[in-house]
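The values are calculated or read from the model by the stated rules, or taken from the named source; none is laboratory data. The structure presented is a predicted model; accordingly, all values stated were derived computationally and were not measured. Counting neighbours? That spans all protein chains shown, and the Cβs are built from the backbone with ideal geometry, glycine included.
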Amino acid sequence: MIRFTMAGGTIYDVPLAYFRRWHDQPHYVYLSDRWVEYRALGRKTRDSRHATFTKCRRVMGGRAVRIYLGKYAYVVPWDTVLMACERNYEHFGGLTEQSRKVTLAYERAGAKKGK
């Protein structure tokens, strides 16, 4: 799980598998002792074996966090967390058809588990 604590104190515990579905690709990858933008590498897939949470850092003046999963890093703004986790948020489910499918599937699975 990754725990997101919002400025107002609301906490969202997000399973790692759900978190990884928020993005088609990581934002950064660690290569040759430095972090490199993933897009610049021209890769289309990622190696899912490195899905272990290692650390996080606040970025963008505290409006986002960078989540490190092994050799990959993802930048997660506050509104992405709300889109994926907060049913009462006006943009819950995200802004794309794919993000809505991912969010609804997660919500249905949670409802079945009595969440």
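Of all residues in segment 24-42, those that are charged (D, E, K, R) have Cβ atoms under 9 Å from Cβ atoms of residues that are part of a helix (DSSP H, G or I), 6 or more apart or on another chain, in Asp24/Gln98. For segment 86-111, the set of residues classified as more than 20 Å from Phe4 (Cα to Cα) and touching a residue at least 12 places away in the same chain (Cβ under 8 Å) consists of Leu95 only.
Just to verify a result, which residue in segment 78-115, among those that are small (Gly, Ala, Ser) and out of contact with any Asp or Glu (no Cβ under 9 Å at 6 or more places or on another chain), is modelled with the lowest pLDDT? Result: Gly114.
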